[in-house]
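Reviewing the structure listed below.
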Amino acid sequence: MYRFGKEESDAAARVLESRQLFRYLPDAREADTFEGALATRLGVPHAVATSSGTAAMISGLAALGVGPGDEVVVPAYGFVASVLAPLAVGAVPVVCDIDESLTMDPADLRRKITPRTRAVLPVHVHGNASDLDAILAVAREHDLLVLEDACQAIGGTYRGRALGTIGDAGAFSFNQHKILTAGEGGALVTPSTDVYERGFMAHDGSANFSRHAFAQPMRAGLAFRMTEVAAAVLNVQLGRLDGILADLRALRSRVAEAVESAAVLTPVPQHDPDGSCGTNLGYVFADAVTAQRFQAAADGRNIDAFFGNEYGHSFREWTIVHEGRGGHHPLANPLRDTEWRQDADACARSEDILSRTVLLRYNFDVTDAEIDKIHQRLAKEFG
Ligand SMILES: *Cc1c(COP(=O)(O)O)cnc(C)c1O
């Protein structure tokens, strides 16, 4: 949550007082408005508002026709949703290493491709673009679909195009921790009318009650609708996006200047630095001990200095995959029959990189005095 105020409360109250909480009611327009505004802001033809980012990813994979017998290659760092979404549609998530950019390593993606591979799910982690040119080239070569996980990257760009709009479909999250938030929420975007219709039906098995006239016959779907209250909040939040991103990028520059003038550091490489959302500043070290010294000196009240392998966001923590618990019924567990053995050590290279990488995440309350204090501590430790 970066900026959230009275405008959001007023918008939510307006919907609550209208008693029109469900998006298909005759006078309800918040979710429709949000889908239109989001699509316009990102420059993509279609958007579906969902109840979460994970719901958007599941709906996206279903809409792309990914399912049982298919493998989906996902990076070893990001969020457990990377493996949950393929499992939810009956597909096997196959984990590939990240490189020092902390995003999917296209070379390892290539190594993970088999005749069963159907889709690739790059994660634009910490608001930074994956190596999309290389990933899209591999995907084209092997006829793979691309679903971008842009859950942490709304408003970020890659070579001038909005993250999430470059592959066959893209997913966003609006949970409590994201750049824009309604507590929970998500969106699926796609350039394809066909994928849009299927995604809308996948996100809501009662989509025939919506105002849409679909060209395709209804298919079974889930119940991942966004509420009107969440959509009303997000309509306000979306208006704040450009300001949030501008201020995050400016803050990142201030913090970067302070830490980099105190110590010789190697920034986490980025595939399009200008398009980064600016939520984080990362440095990679030669060894974990030096990284630890940096982390201790850089951590502050409004600047959280954390390791890449903290917070459970690396493959090592995704025990359901190591232990093959990919579903609640044996026949609904895609990991049951797979030949892939993906134990906790399967992505040792990623773990090594994450154990040597420290990220700084700051909020808008950070003061010049706090930034200066971190500069002093780093200068003392590394000077
Ligand atoms: C937040 C997030 C998601 C989805 O989270 P939800 O809680 O389902 O909205 C997916 N992938 C990444 C990388 C995320 O950070």
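The values are calculated or read from the model by the stated rules, or taken from the named source; none is laboratory data. Keep in mind it's a predicted model, so treat the numbers as computed, not measured. Here the Cβ is made from the backbone with ideal geometry for all residues, glycine too, and neighbour counts use every protein chain on show. For accessibility, only protein heavy atoms count, side chains too; no ligands or nucleic acids. Shrake-Rupley method; radii C 1.70, N 1.55, O 1.52, S 1.80 Å.
Can you say whether VAL138 is in the same structural domain as LEU188 (by TED's automatic domain parsing) and surrounded by 24 or more Cβ atoms within 10 Å (Cβ to Cβ), as far as the supplied structure shows?
Working: in the same structural domain as LEU188 (by TED's automatic domain parsing): yes; surrounded by 24 or more Cβ atoms within 10 Å (Cβ to Cβ): no.
Here the answer is no, as VAL138 does not meet what is asked.
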Residue hits (the range 351-366; open to solvent by less than 70 Å² (accessible area, probe 1.4 Å) and under 16 Å from HIS126 (Cα atoms)) are ILE353, LEU354, THR357, VAL358, LEU359, LEU360, TYR362, ASN363
Does ALA119 fit the bill of being over 18 Å from the mean Cα position of the chain (by Cα) and hydrophobic (A, V, I, L, M, F, W, C)? no
Can you tell me which condition GLY67 does not meet? The list is (1) surrounded by fewer than 20 Cβ atoms within 10 Å (Cβ to Cβ); (2) more than 20 Å from GLY155 (Cα to Cα); (3) in contact with a helix residue (DSSP H, G or I) (Cβ under 6 Å, 6 or more places away or on another chain), and all the others hold. (3)
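Considering only residues that are within 11 Å of the ligand (Cβ to nearest atom) and among the polar types (S, T, N, Q), look in the range 156-177 and name the one that is nearest to PHE34 (Cα to Cα). Please lay out each step first, then the result.
From the range 156-177, those within 11 Å of the ligand (Cβ to nearest atom) are 171-177; that's our starting set.
So of that shortlist, the ones also among the polar types (S, T, N, Q) come out as 173, 175-176.
Numbers: SER173: 14, ASN175: 16, GLN176: 18 Å.
Among those that are within 11 Å of the ligand (Cβ to nearest atom) and among the polar types (S, T, N, Q), it is SER173.
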Considering only the range 242-301, state which residues are more than 15 Å from THR357 (Cα to Cα), among the hydroxyl-bearing types (Ser, Thr, Tyr) and open to solvent by 50 Å² or more (accessible area, probe 1.4 Å). SER253, SER261
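Only one residue in VAL15, VAL89 is among the hydrophobic types (A, V, I, L, M, F, W, C), closer than 30 Å to ILE353 by Cβ and either in contact (Cβ under 8 Å) with a residue 24 or more places away in the chain or touching a Ser or Thr at 6+ places or on another chain (Cβ under 9 Å) (or both), so which one is that?
Being among the hydrophobic types (A, V, I, L, M, F, W, C), closer than 30 Å to ILE353 by Cβ and either in contact (Cβ under 8 Å) with a residue 24 or more places away in the chain or touching a Ser or Thr at 6+ places or on another chain (Cβ under 9 Å) (or both) holds for just one of VAL15, VAL89, which is VAL89.
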Return a yes/no flag: does the range 367-376 have any residue that is touching a residue at least 24 places away in the same chain (Cβ under 8 Å), open to solvent by less than 10 Å² (accessible area, probe 1.4 Å) and aliphatic (A, V, I, L, M). yes
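For the range 82-97, state whether one or more residues are under 30 Å from PHE364 (Cα atoms) and either modelled with pLDDT under 95 or within 16 Å of the ligand (Cβ to nearest atom) (or both). Full working, then the answer.
The first filter runs over the range 82-97 and keeps only residues under 30 Å from PHE364 (Cα atoms), leaving 82.
If we keep only those that are either modelled with pLDDT under 95 or within 16 Å of the ligand (Cβ to nearest atom) (or both) as well, we get 82.
For the range 82-97, residues under 30 Å from PHE364 (Cα atoms) and either modelled with pLDDT under 95 or within 16 Å of the ligand (Cβ to nearest atom) (or both): present.
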Using beta carbons and a limit of 6 Å, which pairs, at least six apart or on different chains, have the first residue in the range 338-352 and assigned to a loop (DSSP other than H, G, I, E, B) and the second one surrounded by 15 or more Cβ atoms within 10 Å (Cβ to Cβ) and of a type in the set (Asp, Glu)? CYS347/ASP97
Output the qualifying pairs, or none if there are none: Cβ atoms under 6 angstrom, residues six or more apart or on different chains, first residue in the range 157-178 and within 24 Å of VAL233 (Cβ to Cβ) and touching a residue at least 24 places away in the same chain (Cβ under 8 Å), second residue among the charged types (D, E, K, R) and surrounded by fewer than 24 Cβ atoms within 10 Å (Cβ to Cβ). ASN175/GLU184
Given the conditions (1) over 30 Å from ASP99 (Cα atoms); (2) open to solvent by less than 60 Å² (accessible area, probe 1.4 Å); (3) of a type in the set (S, T, N, Q), which single one is not true for THR190? (1)
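Does the range 43-64 hold any residues that are closer than 15 Å to PHE174 by Cα and either open to solvent by 10 Å² or more (accessible area, probe 1.4 Å) or more than 13 Å from the chain's Cα centre (by Cα) (or both), and which are they?
Within the range 43-64, the first condition is being closer than 15 Å to PHE174 by Cα, and the residues that meet it are 47-57.
Residues satisfying the conditions are ALA47, VAL48, ALA49, THR50, SER51, SER52, THR54.
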Please go through the range 143-164 and pick out each residue that is buried (at least 22 other Cβ atoms within 10 Å of the Cβ) and within 23 Å of ARG240 (Cβ to Cβ). GLU148, ASP149, ALA150, CYS151, GLN152, ALA153, ILE154, GLY155, GLY156, TYR158, LEU163, GLY164
